[in-house]
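Student: Below is the structure I would like to discuss, written out as structure tokens.
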Amino acid sequence: MRAVTVTPGSQNSLRCIADWPEPPPEEGAILVEALAVGICGTDLEIIAGAYGEAPPGEERLVLGHEALGRVLEDPTGTLQAGDLVAGIVRHPDPVPCTNCAVDEWDMCRNGLYTEHGIKGLPGFARDRWRVQPRFAVGLDPALAEVGMLLEPTSVVAKAWDHIERIGRRAEWKPQTVLVTGAGPIGLLAALLATQRGLSVHVLDRATAGPKPDLVRALGATYHATQVAELDFEPDVVVECTGAPVVVMAVMYKVGPTGIVCLTGVSSGGRTIESDPGALNRALVLENNVIFGSVNANRRHWEQAAEALARADRGWLNSLITRRVPVGAYADAYASQKDDIKVVLDFQA
Ligand code: BGC
């Protein structure tokens, strides 16, 4: 069967291997036929040789952590043949740490977790994969075209879960949300904000292309300005650019008792001028919380599946700006202007 793979750490090693072995039974009882995988910045970093780790003793890593598949067989009876399914990306560390011990692997403390298609576990960009029931998430049958958005939605479901937990430290009735960055994570964070009945603002550099209309279609307001120029102080910021200047600006901009959730993985190495004392003063005097958020546990995947099932299907579909057949896999990983979410299609 086909598998899209790289040799982690070496550039230009992206290959589709035609005779990759079938998934071994140890991988999980549920056998799945791949429909599609979504592609994100992490895949591009792995392809560039900057990130990623092959399974122990192997040279190549199968890519793909934003899975969508159809169950071929499930002898455990957890799912039925024909069901749509996604595989949870992260597996708990083997020690396990205090969080992995209670299945909060998204909060792993020792870094020994593994991740499909990223760190030590084969990804989902292959014709067939297997999954254990505890890492399999069923999807509404109506999500056959867009279900590969479940993984990025799980990441923002976790972000919102933690924002709300932090909010409960005091009486808190948030009204205004600022999302910085209108890529897939930003747009999905905005979707979950509108589902919470909040007043949503999305800021991005783009003045043309599909982003402004996608934001407006949610009933949210689009801003192609600088953060400092916004004429309101948000109660919540979900920062999805990872751009140092934007990250700094939202920490100043957030309102009293406001919460800033950082989700963008910056590359680092760029320095900007800052005044940590002034920033500290602003944060302390306003009881602000700034926190980072990555990955998601099973609870978040289930929340994400519900959020997608409730969302407008046409809107979700328009996040997917290119569907590339596996035969042309290299095109899928070459970024194009106006790309939002590119998916690799295993059925085309
Ligand atoms: C994935 C996360 C993962 C992170 C770090 C992201 O692209 O969505 O699930 O934890 O990369 O590897």
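Student: If one computes the Cα centroid of region 135-180 and of region 224-291, what distance in Å separates the two points?
Tutor: 21 Å
Student: Further question: For each pair in K119/K337; K119/K211; K158/K337; K173/K253; K211/K341, compute the distance between the two Cα atoms and list the pairs where it is over 23 Å.
Tutor: K119/K337; K119/K211; K158/K337
Student: Also, quick follow-up: From the square roots a ≥ b ≥ c of the eigenvalues of the alpha-carbon gyration tensor of the chain, which class results: rounded (a/c under 1.5), prolate (a/b over b/c), or oblate?
Tutor: Cα axes put the chain in the prolate bin.
Student: Turning to a different aspect of this structure: Return the FRET efficiency for the residue pair V95, M1: r is the Cβ-Cβ distance, R0 is 41 Å, and the value is rounded to the nearest 0.05.
Tutor: Approximately 0.75, to the nearest 0.05.
Student: Next question. If I model a spin label at D103 and V245 as a point 7 Å from the Cα along the Cα→Cβ vector, what separation in nanometres do I get?
Tutor: 4.5 nm
Student: Using the count of nearby Cβ atoms within 10 Å as a rough guide to exposure, how do D213, D331, D106, D74 rank from fewest to most?
Tutor: Ordered from fewest to most neighbouring Cβ atoms within 10 Å, D213, D331, D106, D74 come out as D213, D331, D74, D106.
Student: Continuing with the same structure: What nm value, rounded to one decimal, do you get for the distance between R281 and N110 when each label is placed 7 Å out toward the C-beta?
Tutor: 4.5 nm
Student: What's the extension gain from R15 to R270 if we count 0.36 nm per residue and subtract their Cα-Cα distance?
Tutor: Using 0.36 nm per residue and subtracting the Cα-Cα distance, I get 88.6 nm.
Student: Now a separate question. Would you mind ranking V71, V200 so that the residue whose beta carbon has the fewest other beta carbons within 10 Å leads the list?
Tutor: V71, V200
Student: Computed on alpha carbon atoms, what radius of gyration and Dmax characterise region 154-292, expressed in Å?
Tutor: When restricted to Cα atoms, region 154-292 yields Rg and Dmax of 14.1, 41 Å.
Student: From largest to smallest, what semi-axes in whole angstrom does region 218-348 give when each is the square root of 5 times an eigenvalue of its alpha carbon gyration tensor?
Tutor: 34, 19, 15
Student: Nearest 0.05, what FRET efficiency do E22 and E53 give at R0 = 25 Å with Cβ-Cβ as r?
Tutor: Efficiency for this residue pair is about 0.65.
Student: Could you line up V202, V85 from fewest to most neighbouring Cβ atoms inside 10 Å?
Tutor: Sorted ascending by nearby Cβ count, the order is V85, V202.
Bear in mind these aren't lab numbers, they're just calculated from the coordinates by the rules spelled out. Bear in mind that the values here come from a model prediction, so they are computed numbers and not experimental data. Quick reminder, even Gly has a Cβ in these numbers, built from the backbone with ideal geometry, and neighbours come from all protein chains shown.
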